[in-house]
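Read the structure below first, then the notes.
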Amino acid sequence: MSQELLSQAEGRVHRLTLNRPERRNALTPALARELADELDRLEDEGSAQVIVLSGAGGHFCAGLDLHWLRGLGEIPDTAALQHGLSDFQSAVLAVVRSSAPVVAVLRGTAAGFGLDLALACDMRLAAAGSTFTSAFARMGLVPDGGSTFTLPRLIGVGHALRFLMAGETLDGAQARAIGLVDDVSPDAELDADVNRLAQALAGAAPSSLRTIKRLVRGAEVGALEQALSAEGAAQLQALRGPEFRERLLAFAARSAAPAAPADRA
């Protein structure tokens with residue numbers, strides 16, 4: 001494995017950590033595919049009863065790494081975009097298909113595809129200081145990690161449309177109030193609360209956990225695959241459109257300036 005994904009077994013609990021702290025754990029296709037492959041490996045081995053997914057350096061995931069996208073050139077090749085999109089979406093599908101419950105630990109930034117990845121998880125525990133934003137519409141893009149499917153199921157259609165369209169940023173308390181996350185802890189207490197939940201899950205009968213997840217989420221898989229396909233087609237069109245190109249050039253200009261903010265898309 002690369003050093004961009006840390007994988008550690010702790011008895012029945014397995015921890016996966018996105019490890020690009022200098023980029024707020026923004027995802028490249030290679031990292032997304034590596035995450036998917038590791039989830040598939042754990043599924044095949046059957047050794048992990050609980051999977052805890054987090055990010056290094058105080059952030060969960062700032063989304064797609066726009067520096068990777070800029071590297072594809074002024075007019076990206078459609079095949080390259082499709083291949084990259086497939087890699088990104090593979091991580092979401094691997095989370096949902098995993099028979100083990102996947103718990104997202106949300107600190108700092110969860111934005112764009114990083115938010116989509118968190119929404120795919122079975123449970124979400126957040127720090128009080130965490131922030132959540134979709135960011136796609138601000139960049140002239142659309143969600144491509146399934147949030148047009150997962151978000152309305154979690155928070156309702158009205159909240160989902162406002163959140164996705166208006167580009168609002170929610171803090172931990174606001175995210176908890178609308179059901180985007182399951183619980184919020186003071187930043188210093190989050191690890192202890194995550195550990196308590198992980199140990200409670202690890203103490204349950206493995207066959208019960210697998211069956212419950214299948215009964216609750218099994219029907220989602222086909223519908224999520226269809227949503228990802230529709231999102232992907234719309235995203236490919238948006239990525240090659242003038243509105244996104246203008247916003248990407250503006251992002252590049254900001255990135256070239258001193259003290260540029262981190263990517264969120």
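The values are calculated or read from the model by the stated rules, or taken from the named source; none is laboratory data. Predicted model only: the values in this text are computed from it and were never measured. Cβ placement follows ideal geometry from the backbone for every residue including glycine, while neighbour counts extend to all protein chains displayed. All accessible areas refer to the heavy atoms of the entire protein, side chains included, with ligands and DNA or RNA removed. Shrake-Rupley method; radii C 1.70, N 1.55, O 1.52, S 1.80 Å.
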Val50 being over 24 Å from Met139 (Cα atoms) and out of contact with any Ser or Thr (no Cβ under 6 Å at 6 or more places or on another chain): yes
Qualifying residue in region 1-13 (condition: open to solvent by 60 Å² or more (accessible area, probe 1.4 Å), over 23 Å from Ala127 (Cα atoms) and in a helix (DSSP H, G or I)): no
Residue count, region 197-229 (criterion: open to solvent by 40 Å² or more (accessible area, probe 1.4 Å) and within 14 Å of Ile51 (Cα to Cα)): 6
Residue in region 144-157 that is surrounded by fewer than 18 Cβ atoms within 10 Å (Cβ to Cβ) and aliphatic (A, V, I, L, M) present: yes
Residue within region 128-138 that is assigned to a helix (DSSP H, G or I), touching a Phe, Trp or Tyr at 6+ places or on another chain (Cβ under 9 Å) and open to solvent by less than 50 Å² (accessible area, probe 1.4 Å) present: no
Neighbours by Cβ (under 6 Å, 6+ apart or cross-chain): first from region 14-32, in a helix (DSSP H, G or I); second open to solvent by 40 Å² or more (accessible area, probe 1.4 Å): Pro21/Gly57; Leu31/Glu4
Hits in region 66-81 (condition: assigned to a loop (DSSP other than H, G, I, E, B) and aliphatic (A, V, I, L, M)): Leu72, Ile75
So Arg176, is it open to solvent by 50 Å² or more (accessible area, probe 1.4 Å), among the basic types (Lys, Arg) and more than 26 Å from Val221 (Cα to Cα): no
Enumerated helices (runs of 4 or more DSSP H) restricted to region 172-262, each holding at least 2 residues that are farther than 28 Å from Val105 by Cβ: 220-239, 242-256
Test: residue in region 46-65 that is assigned to a helix (DSSP H, G or I), more than 16 Å from the chain's Cα centre (by Cα) and either at positive phi or surrounded by fewer than 24 Cβ atoms within 10 Å (Cβ to Cβ) (or both): no
Total residues in region 94-115, condition over 11 Å from the mean Cα position of the chain (by Cα) and in a helix (DSSP H, G or I): 3
Complete set of residues in region 88-113 that are among the basic types (Lys, Arg) and touching a Ser or Thr at 6+ places or on another chain (Cβ under 9 Å): Arg107
For Ala166: the one exception among (1) touching a strand residue (DSSP E or B) at 6+ places or on another chain (Cβ under 9 Å); (2) open to solvent by 40 Å² or more (accessible area, probe 1.4 Å); (3) within 22 Å of Gly232 (Cα to Cα); (4) of a type in the set (Gly, Ala, Ser): (1)
